[in-house]
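Here's the structure we're looking at; comments come further down.
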Amino acid sequence: MKILLIQPPINPNIIGVGTAYLTEPLALEIIAASIPEHDVKILDMRIEESVFEKELADFKPDIVGITGYTTDVYKIIDISKKVKSYDKKILTVVGGHHATMLPNDFNKESIDIIVIGEGEITFRELVNAYAKKQGFSYISGLAIRNNGNPVFTKPRDINIDLDKMPYPNRGLTKKYRDKYFRGAWRPVASMMTSKGCPFRCNFCALWKVMKGKYLSRSPESVVEELSKIEEKYIDLAEDNFLHDIKRVEKIYELIKKQNINKIYKLYARSDTIVKHPDIIKKWKEIGTELILIGLESFRDKELKELNKSNTVKNNESAIRILQKNNVEIAGYFIVNPNYTEEDFNALAEYVLKMNLTQPVFTVLTPLPGTDLYREKFNELTTNNYELFDFVHSVLPTKLPKEKFYQCFLELYRKCYTDNQVTFLMPQKVMNQFISALSNTGRI
C-alpha cells in the first residue's frame, strides 16, 4: 500500500512557529515506523505547501493520513477535500489531539476514518485491514463514517509497552532535517520518551488523551534511540521529562557511560526541580542548556484556579536552582482574560525581577477536551478554531479587546527589551505577533 502522511501548513497566528522554532513531525514519523512493510511518504506542508497536488499525482497514494491540533482543523478538512477531489477512492484518515477530543468536528464527507487516541497500533491495524480489503469495525479506537454519521468502535486500550514501539522513521524527513530548528540550534531532532501526565491541570488535554495515565520508556530504550540520532541538538518533547527521577537518573548514567555528546532542551515542573536539585546539575553536565517550565502565574490564587498543584514559592526556588546551574529558562505564563492594565504591569515587573530572559506569554485558552473547555464553553466568544492560538482571547476580556491586546504586546516588548536581550525576540517573531493581532483588527 502507498501511504502519504501529511503535516498541515503553519497557522500564521501561532507565535514562534517557523520563526523561532520548527519541530519535526514526530507523530507521523512514529506512525510511519509502525508500518515498515508499506510504501510511506511524509509531506511536511509547513515547509513544502506548494507541492501537495504534485505529490498526490506523482505518488498516487492509497491512503492519506493527516494529523494536527485544534488550530489546524480547517486546514485538515481542506486537505481532505482536495484529496477526494483528486481521487475519491483514496482512503482519508485523520488523527491527533483534536480528533481524539472532538471527533465529530471531522464528520465530513471528505474524511473516511478518524483515529481516536494514540495511533501507532490503530493505524497499523487499519492499514493492514485495508490492504486485505477487510472491514474496520473490529479495530479499536476508530470513528468510521457511515451514511453521514460516525460509527465508533471499541475504545483503544492505552496500556501499551512503549519499549515495543518502533523508533521514529526519521529517514522519511531526511530532505527536511536542516529546516527543523530552535533559535540558533539547527538542525534539531525531537524525541518522545513518555506519554501522559499524572497531574490534572484544567487547561491541559494531555492527561485526558491518556485517560490520566503516565507511561514511560525504559532508560535503555531512550539511550539506544538517542545513540542513533545524527543531530547534535535534542528536543525532549514530552511535557514532564523529569517526572520519574529514578528513570532520568539512569538515562543520565547511560549517556555518560556511552559518552554521547548532545545538547538538550527539556520540559520540567518546578516542584520536581526543587525536590531534586541534583538532577539539574547532572543533566547540565551532560549537555542540558534549556529547560521549559510552565510557571503559569506569579500568584498562588491563579495557580490554584488552574489546578496546577504547585506554588509560586516552588517556581521561584526552581528558577534560582536553574540559574545557579547556568541552565537557560523558558518560563511560560498564562495571561488571564480578566487581566487589567495593572495586572499586565505586575507580571512584567515580576519577570524582570526574576531575571527571566525567555518568558513566553499565552492567553488562557480553553482547548477542546480540557476541564476548562467544559467549564467555560458557554462563555466562548467564538467557535473559530484558528483563534484558539494562545494569542487571541476566545473568552470575554475585562479590558476592551483592543486595549487587552495592546497590553499583551507591550508585555512582550517590556520583557524582551528592558533586559537588553533583543536577540531572544527576533524582529521577525515580533512582526509575526503584530500580524496575528492585526489580522483581526485588534491593534
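Where a number appears in this text, it was derived from the coordinates with a stated rule and is not lab data. Please read these numbers as outputs of a predicted model, since none were measured by experiment. FYI the Cβ positions are ideal-geometry reconstructions off the backbone, even for glycines, and counts take in every protein chain you see.
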**Protection proxy ranking, peptides 66-76, 333-343, average beta carbon neighbours within 10 Å, highest first** = 66-76, 333-343
**Protection proxy ranking of 24-36, 207-219 - average other beta-carbon atoms within 10 Å, highest first** = 24-36, 207-219
**Prompt:** So how much slack lies between Val51 and Ile245, counting 0.36 nm per residue of separation and subtracting their Cα-Cα distance, in nm?
**Reply:** 65.4 nm
**Fill in**
The simple spin-label model distance between Gln258 and Ser227, using points 7 Å out along Cα→Cβ, in nm, is 0.5
**Complete:** Here the alpha-carbon Rg of the stretch 2-152 over 2.2 N^0.38 Å rounds to 0.98
**Asked** Over the Cα atoms of the stretch 295-426, how large are the radius of gyration and the largest Cα-Cα distance (Dmax), in Å?
**Response** 15.3, 46
**Message:** Need one number: nm distance between label points at Phe59 and Ala184, each 7 Å from Cα along Cα→Cβ, rounded to one decimal.
**Reply:** 3.6
**Request:** Go through Phe404, Pro12, Cys201 and say which Cα lies farthest out towards the positive end of the charge dipole of the chain; charges sit on Cβ, +1 for Lys and Arg, -1 for Asp and Glu.
**Result:** Cys201
**Request:** With a 4.7 Å Cβ cut-off, tell me which Cys residues in the chain come up empty for a partner.
**Result:** Cys197, Cys407, Cys415
**Candidate lysines - alpha carbon under 16 Å from Lys89, same-chain residues fewer than 8 apart omitted** = Lys2, Lys60, Lys81, Lys108, Lys132, Lys133
**Message:** Suppose only helical runs count, i.e. DSSP H with n ≥ 4. What mean residue ellipticity at 222 nm does that imply for the chain under -39500 (n - 2.57) per run, divided by all residues and rounded to the nearest 500 deg cm²/dmol?
**Reply:** -10000 deg cm²/dmol
**Prompt:** Taking the mean number of other Cβ atoms within 10 Å as a proxy for protection, how do you rank 46-56, 194-204 from highest to lowest?
**Reply:** 194-204, 46-56
**Prompt:** Quick one: of the DSSP bridges fully inside the stretch 180-326, what percent are antiparallel, nearest 5?
**Reply:** 25
**Three-way shape call for the stretch 81-227 based on the alpha-carbon gyration tensor, with the a/c threshold at 1.5** = prolate
**Fill in**
Per the 1/(1 + (r/R0)^6) rule, R0 = 41 Å and r from the Cβ atoms of Lys81 and Ser137, FRET efficiency to 0.05 is 0.95
**Request:** Show which lysines lie in cross-link reach of Lys174 when reach means a straight Cα distance below 16 angstrom and same-chain residues fewer than eight apart are skipped.
**Result:** Lys41, Lys228, Lys232
**Asked** If Lys and Arg each add +1 and Asp and Glu each add -1, what is the summed charge of the other residues whose beta carbon sits under 9 Å from the beta carbon of Thr23?
**Response** -1
**P(r) tail fraction, the stretch 180-326 - alpha-carbon pairs more than 18 Å apart, %** = 58
**Reciprocal mean inverse distance between Cα atoms of the stretch 37-113 - Kirkwood radius, Å** = 12.9
**Request:** Could you check the simple spin-label distance between Arg177 and Thr381, using points 7 Å along Cα→Cβ, in nm with one decimal?
**Result:** 4.6
**Prompt:** How far, in degrees from 0 to 90, does helix 312-324 lean away from the longest principal axis of the Cα atoms of the chain, to the nearest 10?
**Reply:** 90
